[in-house]
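Engineer: Can you read through this structure? Questions will come right after.
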Amino acid sequence: MLKLTIYPPTSRMINDFFIEQLEEEAEWTDLQQSDVVLLIVDHHTAEVFQQNYCSFYGKKVAAYVVELNYQTIPLIKLADYVIYQNEQQRRLVELTMGYEIPSGILPIPRFEFSECNLDHSWSSHAVIYSDYLLNEDVVIEHLQKSGYPLIPSEMNILFVSLSPQKPKVNPASLEYADMSAMRPDELPREARFMVLDDAFKSEDLSRRASRGDKTGLFYSSNGCSVEILRYFMVRRANPLIGNQPTMNMFRQRLEQVLNQVSRIIKTPVIPDSLNQLNVIAGKPLMNRFVFTICCRNQRHKLLRCVASICEQNGRHDIGVAVIDDASEYDVLDEVESILHKHKVDYCLVKNLSRKYAARNFYNMIHLLVPNNDSFLIELDGDDYLFDKDALNILSSAIEQGALKTRGNLVVDTGSEIKRNVFLQEKENCNAGYPRNMTKCSGWYHLRMTQRVVLNRVEIEHFLEKGNNWLISTHDLSVHSRALELARSRITQIDAEIYAYDLSGDQHDSIILDEGEMPDSWEYGTYLLQDDYLFKMYIPLFEEPRFVPSARIGEGLIQEIF
């Protein structure tokens, strides 16, 4: 019998639906014992996953799309197989992500109350379902307006939504329930049932998808959760509804898909070993502070970077680990000369072919810095320490209990030093939502993290979907997890201790045009601008400034850009 687990386990009504359909065909168990993970893609799952990471690496994952919008799309890349409600959803996801995941279409059957002879007109209860975020109080007031009110003022109202945000209770008879967290037995047996659909639906999404417009991801397109709600309301009145032919066909097809996913063979990535590294000088470091530097071709800037370490005030136990990622010329002999002169411990590695920052940083953590008590300070080879008291400042933070620090930086444009740049990134440090780029900017320099924290960051944070090592943006992925693991012991450094050099044409992340400000792009549109974020194994989320699916009117997408 197939062993299944469902994620998230806190999604109660929706989970109950799938468990009921498969209870005779599968054994429900925990994540570690399962053959297949059934991933429920909805607003609730996105909320849970942003806050608390759950590793599916090495697991076989089937995703069932209950709700599709800008918040839930990132979850889909965790899947080995995706079950959509319709072809439109599939087209929208493939357009947005830029690649295909094996998939099928299996909508939840539609249930009509008339089949069960439910008479709603006389009921003292109303169940209102909304498939997008809106002001519930305004909706209730509108439905109770004089003339021919759809909901009399004396009626008991249960407002069901996928939003975890509880509205103000007005009128007093209004009760609110997050569908993902409620149980079927909390529904009234008889009720007037109303569905408030998003104004934008299939026509608008199809039009946008057909012209290659990625902004469709901002639009809600579920068409499924309401059917689960209908199912349980109907089941309460007529238990036989679960045995009708359409349900049996749904169960059989779902079972076939899960068995198909269980036969997938997954091979984990094999990391480097120390004897596979081309260590040209030094040995693994046990120092209290270890500067980790990944570089390529930036000779002058690398020497400046190393010099800024050696010029630090105070007496500190420091080491420097440098990985040259297959530079076109040799520079590590000069680096060794500087470090030897200043009596600084070092470990120098020269890659014979490019491995990129994620793999290099993974090797730093697991091969070059074996001491869990060490603090790794990440320096890009083209950047440098801006304050000669940087180590004194960081040492003080450690003495106060910090496992991780972030900030503060200045920007070196090559012609001037700019301050108060990336202010939004500096302020975005809500470690309660480490995978939400709008709330938490994991990349922000200076990044110092104790090795015991980094050692717990799962390997998939260094990988693309498909097991290749990340070639960029590893800082967003790795530090989303490191921030979570160090959540209660993170210190924000206000002093300007890091210089972020954006000059030249070989910077890994940003190249400035003449006169361009380094923080001039629009926040909240990373997922539209950078296709590579969808190639990353780890889902990252964001919150655009405007969410058109929660507003009414044409042309709203222009307000985003």
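Each reported figure results from applying straightforward, stated rules to the coordinates on display, with no laboratory input. Small disclaimer: the values here were computed from a predicted structure and weren't measured. With ideal geometry, Cβ positions are generated from the backbone for all residues, glycine too; neighbour counts draw on all protein chains shown.
Engineer: Please work out the Cα center distance from the range 39-99 to the range 471-486, rounded to the nearest Å.
Structural biologist: What the calculation gives is 20 Å, centre to centre.
Engineer: If you don't mind, there's one more thing I want to ask. How many nm is it between the label spots at R456 and N372, if each spot is 7 Å from the Cα in line with the beta carbon?
Structural biologist: So the two model labels end up 1.0 nm from each other.
Engineer: Would you mind ranking K341, K355 so that the residue whose beta carbon has the fewest other beta carbons within 10 Å leads the list?
Structural biologist: K341, K355
Engineer: Moving to a separate point now. For L423 paired with Q400, estimate the spin-label separation in nm (one decimal), with each label point 7 Å from Cα along the Cα-to-Cβ line.
Structural biologist: 2.3 nm
Engineer: While we're here: Show me the chymotrypsin sites (Phe, Trp or Tyr not before Pro) within the range 247-333 that DSSP assigns to loop and that have at most 13 other Cβ atoms within 10 Å of their Cβ. Please list the in-between numbers first.
Structural biologist: Details: sites: F250, F289, F291, Y329; in loops: Y329.
Qualifying residues, ordered by number: Y329.
Engineer: Highest mean first, how do 155-161, 450-456, 55-61 rank when packing is the count of other Cβ atoms within 10 Å averaged over residues?
Structural biologist: 155-161, 450-456, 55-61
Engineer: Over 26 Å between C-alpha atoms is what I'm after, so list which of K301/K465; K388/K426; K350/K418 land there.
Structural biologist: Checking Cα-Cα distances, K301/K465; K350/K418 exceed 26 Å.
Engineer: First measure r as the distance between the Cβ atoms of D272 and D330, then evaluate 1/(1 + (r/R0)^6) with R0 = 35 Å and state the FRET efficiency to the nearest 0.05.
Structural biologist: Between D272 and D330 the formula returns 0.95.
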